[in-house]
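**Q** Mind having a look at this structure? Questions to follow.
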Amino acid sequence: MSAYLVTGGAGFIGSHLVRTLVGQGKTVKVLDNFSTGKESNLESVSGSVEVIRGDVRSSEEVERALSGVSYVFHQAAVGSVPRSIADPFDTQTANVNGTLNLLWKSREMGVRRVVIAGSSSVYGDTPGMPRVETLIPSPLSPYALSKLSQELMGKIFTKTYGLETVTLRYFNIFGPYQDPNSEYAAVIPRFIKAILTGQPITVYGSGEQSRDFTFIDNVVSANLLAMETTQGVGEACNVGCGDSYSILDLIRTLSEIMGVRAEVSHLPPRAGDPMASQADISKARALLGYSPKVFFREGLEQTVAWFTGKFRAAGQNGL
Ligand SMILES: NC(=O)c1ccc[n+]([C@@H]2O[C@H](COP(=O)([O-])OP(=O)(O)OC[C@H]3O[C@@H](n4cnc5c(N)ncnc54)[C@H](O)[C@@H]3O)[C@@H](O)[C@H]2O)c1
């Protein structure tokens, strides 16, 4: 039976894909260097998954990971705007050279399709909202540039080398298993952790900046559809909900769900962060048959319940 490889499978999004594929009875391999990924993210499927501790930049490790594999979900990346601003070199080599290495080896080893995790950050400060794929990208950070390189490389591998690829431009994904702890943690797990531990919430800028916060289940379904599509090959499609909520909306909703009045402190805005981001998802609807099923409030309720369960079981150490 043809196996699936999830690069970055020990990370937030990758581990959701792994659990779903295992649940469907698929043979699954993971390639991860555990730079941000965790073994505990794969605890529930340990024993059902072959985990290769390795780097997408290494030809030998990628070759080992691809052996027997027909389908690849490429999630591995250094995934943070501020991290890329602090260290553009690691972002560039992991995301760009790593993707080139993976695509090159995939073609050599007869992989049928690679679905690439792209990013809404490629739009940067280009005019036009909601974001539609025909807009000219205007990245604001080395991270955003690396995600644009990944998807263009995917396109080139489809058109020029004949390897099927599809890129999904993710819009602010959130859900269980997202890391709340790193200095570069995403806003939703960071806020939930602050509330659970009685700390003030730190907001960069006014909090009026808005995002199309997208619950993880929608992203998993978009990935599975992208692996099947006949029309979307060689394309990049937005994956979001088509909604727009500000950081202040987010704090209000979390406060309601968690039954607290969160204390908020403000820091100056962060470089590389666009003011607004909202997806037009018509292309993903048309080419992939994608439609989001879990929206902002329900997604937040599920996420809060998951983090609260971990916190109750093990206190702050559980988060
Ligand atoms: N979370 C979001 O909102 C979001 C938005 C847009 C795009 N993305 C993209 O989705 C993908 C997954 O992101 P995530 O949020 O799950 O982040 P994550 O940090 O939880 O997962 C990334 C995984 O890749 C692994 N990794 C990093 N560099 C590697 C390398 N060189 N070789 C092998 N493994 C490596 C990490 O250890 C980690 O397990 C990334 O490509 C990211 O750029 C995420």
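The values are calculated or read from the model by the stated rules, or taken from the named source; none is laboratory data. Everything quoted here is computed from the prediction, not taken from an experiment. Methodologically, a virtual Cβ is constructed for each residue, glycine included, from the backbone with ideal geometry; neighbour enumeration extends over all protein chains shown. For accessibility, only protein heavy atoms count, side chains too; no ligands or nucleic acids. Shrake-Rupley method; radii C 1.70, N 1.55, O 1.52, S 1.80 Å.
**Q** Filter the stretch 83-104 for residues that are away from the ligand (no atom under 13 Å from the Cβ), surrounded by fewer than 24 Cβ atoms within 10 Å (Cβ to Cβ) and of a type outside the set (Phe, Trp, Tyr) and give the result.
**A** Matches in the stretch 83-104: 85, 86, 88.
**Q** Taking the options 109, 129, name whichever one is more than 21 Å from residue 165 (Cβ to Cβ), touching a residue at least 24 places away in the same chain (Cβ under 8 Å) and surrounded by fewer than 24 Cβ atoms within 10 Å (Cβ to Cβ).
**A** 129
**Q** Another one. Any residue at all in the stretch 68-79 that is hydroxyl-bearing (Ser, Thr, Tyr) and open to solvent by less than 70 Å² (accessible area, probe 1.4 Å)?
**A** yes
**Q** Next question, about the same structure. For the stretch 293-314, name all the residues that are open to solvent by 80 Å² or more (accessible area, probe 1.4 Å) and of a type in the set (Gly, Ala, Ser).
**A** 313
**Q** Looking at the stretch 1-13 only, could you name the residues that are in a strand (DSSP E or B) and either more than 8 Å from the ligand (Cβ to nearest atom) or more than 15 Å from residue 51 (Cα to Cα) (or both)?
**A** Answer for the stretch 1-13, where residues must be in a strand (DSSP E or B) and either more than 8 Å from the ligand (Cβ to nearest atom) or more than 15 Å from residue 51 (Cα to Cα) (or both): 3, 4, 5, 6.
**Q** Please state which one of 294, 239 is in contact with a Leu (Cβ under 9 Å, 6 or more places away or on another chain) and of a type in the set (Val, Ile, Thr).
**A** Of 294, 239, the one residue that is in contact with a Leu (Cβ under 9 Å, 6 or more places away or on another chain) and of a type in the set (Val, Ile, Thr) is 239.
**Q** Would the stretch 134-145 turn up any residue that is open to solvent by less than 40 Å² (accessible area, probe 1.4 Å), under 22 Å from residue 243 (Cβ atoms), of a type outside the set (Lys, Arg) and not in a helix (DSSP H, G or I)?
**A** Scanning the stretch 134-145 turns up at least one residue that is open to solvent by less than 40 Å² (accessible area, probe 1.4 Å), under 22 Å from residue 243 (Cβ atoms), of a type outside the set (Lys, Arg) and not in a helix (DSSP H, G or I).
**Q** Please go through (1) touching a residue at least 60 places away in the same chain (Cβ under 8 Å); (2) of a type outside the set (Phe, Trp, Tyr); (3) part of a helix (DSSP H, G or I) for residue 62 and return the number of the only condition it doesn't satisfy.
**A** Every condition holds for residue 62 apart from (1).
**Q** Filter the stretch 14-53 for residues that are assigned to a helix (DSSP H, G or I) and open to solvent by 30 Å² or more (accessible area, probe 1.4 Å); which is farthest from the ligand (Cβ to nearest atom)?
**A** Only one residue fits best here, namely 23.
**Q** Moving to a separate point now. Conditions: (1) under 21 Å from residue 178 (Cα atoms); (2) buried (at least 16 other Cβ atoms within 10 Å of the Cβ); (3) of a type in the set (A, V, I, L, M). Residue 281 meets all but one. Number of the miss?
**A** (1)
**Q** List the residue pairs whose Cβ atoms are under 6 Å apart, where the first residue sits in the stretch 14-35 and is in the same structural domain as residue 70 (by TED's automatic domain parsing) and over 17 Å from residue 111 (Cα atoms), the second is aromatic (Phe, Trp, Tyr) and within 15 Å of the ligand (Cβ to nearest atom), and the two are 6 or more positions apart or on different chains.
**A** 15/177; 17/73
**Q** So, one more: Quick check on the stretch 165-202: of everything there that is in a helix (DSSP H, G or I) and open to solvent by less than 40 Å² (accessible area, probe 1.4 Å), which residue is nearest to residue 9 (Cα to Cα)?
**A** 189
**Q** For the stretch 57-82, name all the residues that are more than 12 Å from the ligand (Cβ to nearest atom) and either aliphatic (A, V, I, L, M) or under 16 Å from residue 140 (Cα atoms) (or both).
**A** Residues satisfying the conditions are 66, 69, 72, 82.
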